[in-house]
Amino acid sequence: MKTALITLASFAIIIIFSASKGDQSFGTSASVYIPIQKDTSLQNSIKRGKTVYEDFCMQCHMATGEGIPGAFPPLAKADYLLNNRTKAIHAVKYGLQGPITVNGTDYNSIMAPLGLYDDEVADVMNYILNSWGNSSDKPVTEKEVAAIEK
Amino acid sequence: MKNFSILLLSVLTTVIACAQNPKEVKDNDVPITVSEAYEYEVIVPDLINPWGMAFLPDGSLLITEKSGELIHFVNGEKITIDGVPEVYNRGQGGLLDIQLSPNYESDGFIYFTYSSTEGEAKGGNTALMRAQLSGNSLSNQEVLYKATPNTTKGQHWGSRIVFDDAGHVFFTAGERGERDINPQDITRDNGKVYRLNLDGSIPTDNPFVGTENAKEAIWSYGHRNPQGMLINPETNEIWVHEHGPRGGDEINVIKKGANYGWPVITYGINYSGTDITDITKKEGMEQPLYYWVPSIAPSGMAMVTSDAYPELKGNLLVGSLKFVYLEALYLDENNSVIKREKLLDGVGRVRNVIQGPDGFVYVGVEGVGIVKLVQN
């Protein structure tokens, strides 16, 4: 009986997913980000960051941060991003060129400078660091971005 | 048993959730293969984003860097030209295409498009300027057109420039991230192909001259973000390609006053995977000559007319930013695409491609520079 219930539940879930016509992977489809704390200023920054992301980043890194295999690295659960906070902010602020390794895959391309203001860099970093399975409990601030030099 | 069911559940849901939106596959597409027939030789090294290029009559080369630098490459040396207007280097904006006047030998004019902050409102929009090269600086700058209003959005500026042989300059401006406001409205700039006389005045036979409140420089509308344009030397038609959203990049044959449909009709979907519209065709809106699903992110377009590459003669070359190759599209006598190949696979983000006056093909690659296409 228990098995039957679980099987039934499986089908129900499968049907729901089929109907939703999602092309996103299971792990990232439910919500774009999960609030990790009650800090409204961070939540507002993430909200603004989503707008920046959709304007400046999404064409290459895609809506759910998966990137384009072989061309543009992922941001979702990306070790390079999560382990190199300062380098990541530097890349968003000034662009990035040359070889990097993300989640075991080598990339050697170029991201031209985006022309973002420091507050926009902070917002989009907060969005990226708190989306698609990423989480960071230390918000990026405009001051932190301003302090990173070329 | 329970564990097995849960495992099965996970596997099934993953498989189904990863299945593509049916609109992310193009039925009966012309397949693309990788060609090993070409290599490249670096002509101008170390460029970040070589957006546009134009050869001068002496064989030297003018190159625009998106960041706002105009480079004169002469005898193996890069000279930075002074007097370039300040550009709004934001997102996809910056210093864009560059072309010589068709009467360059007599008028000396260089035409270029760029992201301009001119005007009161914050932000910028696409502008067309002409100027003359005097030594290492630009003189006699004239803004021939400045799209309005300014916006701080980083998206969709276009832009490419071509000339016909009847004294007109054509250029494109993208819809600036306002798809529901700009492309279908001829009283607004953006999402348009424009036609001007060489001095910037509006030809009296432009399609919307006399239409109330229309931007009379508009030649065609309903575009998203056109970054490739050429005049087909056999038919004298203007061909433009434009970026779709997720899928739906298009090559269009441009007709006077025609509507190319964005965003009412499209073969693309939103980046989030949701639909933009249910329809891909509509009365009164033009169908593309070819469209790409998935998007290749096309930039730059040239038709090979020289004998330097016998296989490519009469066919199209289009840069792919997204998949980092140069696409060859082979055309039959009706200009239908019958074969596609990836040339220089993996070369880098291909921003621009032209056929030089020597008949060879030159390709602008982000982070690499200007390279010459060489047949093996």
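Below is a table of values for the structure above.
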{"item": "Meets criteria (within 12 Å of another protein chain (Cβ to nearest Cβ) and on the phi < 0 side of the Ramachandran plot) for A:Pro99", "result": "yes"}
{"item": "Enumeration of residues in segment A:25-68 that are more than 13 Å from the chain's Cα centre (by Cα), of a type in the set (A, V, I, L, M) and modelled with pLDDT of 90 or more", "result": "A:Leu42"}
{"item": "B:Glu242 being within 14 Å of another protein chain (Cβ to nearest Cβ), touching a Pro at 6+ places or on another chain (Cβ under 7 Å) and under 20 Å from B:Val337 (Cα atoms)", "result": "yes"}
{"item": "Within segment A:102-127, tally of residues that are of a type in the set (A, V, I, L, M, F, W, C), more than 8 Å from chain B (Cβ to nearest Cβ) and closer than 22 Å to A:Val145 by Cα", "result": "5"}
{"item": "Only one of B:Val350, B:Val304 that is surrounded by fewer than 23 Cβ atoms within 10 Å (Cβ to Cβ), in contact (Cβ under 8 Å) with a residue 40 or more places away in the chain and in contact with a Gly (Cβ under 9 Å, 6 or more places away or on another chain)", "result": "B:Val304"}
{"item": "Qualifying residue in segment B:217-226 (condition: closer than 20 Å to B:Gly158 by Cβ and free of Cβ contacts under 8 Å to residues at least 40 places away in the same chain)", "result": "yes"}
{"item": "Near pairs, Cβ below 9 angstrom, 6+ apart or cross-chain, from segment B:148-176 (away from chain A (no Cβ under 14 Å)) to any residue that is in a strand (DSSP E or B) and among the acidic types (Asp, Glu)", "result": "B:Gly158/B:Asp97; B:Gly158/B:Glu242; B:Ser159/B:Asp97; B:Arg160/B:Asp97; B:Ile161/B:Asp97; B:Phe171/B:Asp97; B:Thr172/B:Asp97; B:Thr172/B:Glu242"}
{"item": "Qualifying position, being more than 14 Å from every other protein chain (Cβ to nearest Cβ) and within 19 Å of the chain's Cα centre (by Cα), among B:Gly83, B:Gly94, B:Gly52, B:Gly59", "result": "B:Gly52"}
{"item": "Residue satisfying condition, being polar (S, T, N, Q), free of Cβ contacts under 8 Å to residues at least 40 places away in the same chain and out of contact with any Phe, Trp or Tyr (no Cβ under 9 Å at 6 or more places or on another chain), within set B:Ser137, B:Ser116, B:Ser106", "result": "B:Ser106"}
{"item": "Wholly enclosed strands (runs of 3 or more DSSP E) of segment B:75-175 bearing at least 2 residues under 22 Å from B:Ser220 (Cβ atoms) and in contact with a Ser or Thr (Cβ under 7 Å, 6 or more places away or on another chain)", "result": "B:95-100, B:109-116, B:125-134, B:168-173"}
{"item": "Subset of segment B:9-28 [loosely packed, with under 15 Cβ neighbours inside 10 Å and either at pLDDT 95 or above or at the interface with chain A (Cβ under 7 Å from one of its Cβ atoms) (or both)]", "result": "B:Thr14, B:Cys18, B:Gln20"}
{"item": "Residues located in segment A:47-96, provided they are out of contact with any strand residue (DSSP E or B) (no Cβ under 6 Å at 6 or more places or on another chain), within 14 Å of chain B (Cβ to nearest Cβ) and at positive phi", "result": "A:Met62, A:Gly65, A:Gly67, A:Gly70"}
{"item": "Only one of B:Thr33, B:Thr113 that is buried (at least 20 other Cβ atoms within 10 Å of the Cβ) and hydroxyl-bearing (Ser, Thr, Tyr)", "result": "B:Thr113"}
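The values are calculated or read from the model by the stated rules, or taken from the named source; none is laboratory data. Keep in mind it's a predicted model, so treat the numbers as computed, not measured. Please note: Cβ atoms are built from the backbone with ideal geometry, for glycine as well, and neighbour counts cover all protein chains shown.
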